[in-house]
Amino acid sequence: MRIEQVWQWIYHRGLRDFSEMTNLAKDLRTRLADQFMLERPEVVERQISADGTRKYLLRVAGGGEIETVYIPEADRGTLCVSSQIGCTLTCSFCHTGTQRLVRNLTAAEIVGQILVARDDLGDWNRSGPEKRLISNVVLMGMGEPLYNFEAVRDAMRIAMDGAGLALSRRRITLSTSGVVPEIARVGEEIGCLLAISFHATTDPVRDQLVPINRKWNIAALLDACRAYPRLSNSERITF
């Protein structure tokens, strides 16, 4: 019971101070504050464009920096989150590919990007996806999500929890460059929508643009897509 109350304060109301959780006993609030921290990634820089798009440079534990972007549209508000500091892949069109991989983000740091954006947008205590400023999340920021699968999975389970952030799984999209062995797990263990960073229709071209294609070529990638557990007319893969 107490766990559910704390969970709702953190993920439904966005509180950052145990002392403000007024439906908990005072001594429990004190013990929680003594033993735990409610931290967010630090906002190093925020840029706001004329159309309302917001780009955040965030600093996480150890001093590493990541980017998160909020994109408002007429019928939705999409938050693009990162899964790694840097990246091991060297996709020719991606700036992150020019950086070395520093480390994987933790589940808390991935969820923390959503919390930071909600703080900045004043997006707490809103009911219904049509009223939320952040209605969708896409894992299309820095890093390859499937090379940090467990943390991404755990973070998205928190995001989808009905007592917390309560995002529908159909409002979460994971984009991968094509880590074939992990694709089925997205459908089985997360259940969100899937996008493939394809960029070419022939292996020679894709080998240059998305070098992971040399390990898992287009035929192998398409086979994995055809076998995707949640593939249906209503849940199509985006290319």
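A short reminder: the numbers here are calculations on the coordinates, not readings from a lab. Given the structure is predicted, the values throughout are model-derived calculations rather than measurements. Backbone-built Cβ (ideal geometry, glycine too); neighbour counts: all protein chains shown.
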**Complete:** The residue from I183, I158, I218, I212 that alone is crowded, with 16+ Cβ neighbours inside 10 Å, free of Cβ contacts under 8 Å to residues at least 24 places away in the same chain and either within 30 Å of R100 (Cβ to Cβ) or in contact with a strand residue (DSSP E or B) (Cβ under 9 Å, 6 or more places away or on another chain) (or both) is I218
**Item:** Residue satisfying all of: in region 1-44; hydrophobic (A, V, I, L, M, F, W, C), touching a residue at least 24 places away in the same chain (Cβ under 8 Å) and in contact with a Lys or Arg (Cβ under 9 Å, 6 or more places away or on another chain); surrounded by the most Cβ atoms within 10 Å (Cβ to Cβ) among these
**Value:** I10
**Prompt:** Across region 7-46, which residue is nearest to R132 (Cα to Cα) among those that are touching a Leu at 6+ places or on another chain (Cβ under 7 Å) and part of a helix (DSSP H, G or I)?
**Reply:** Y11
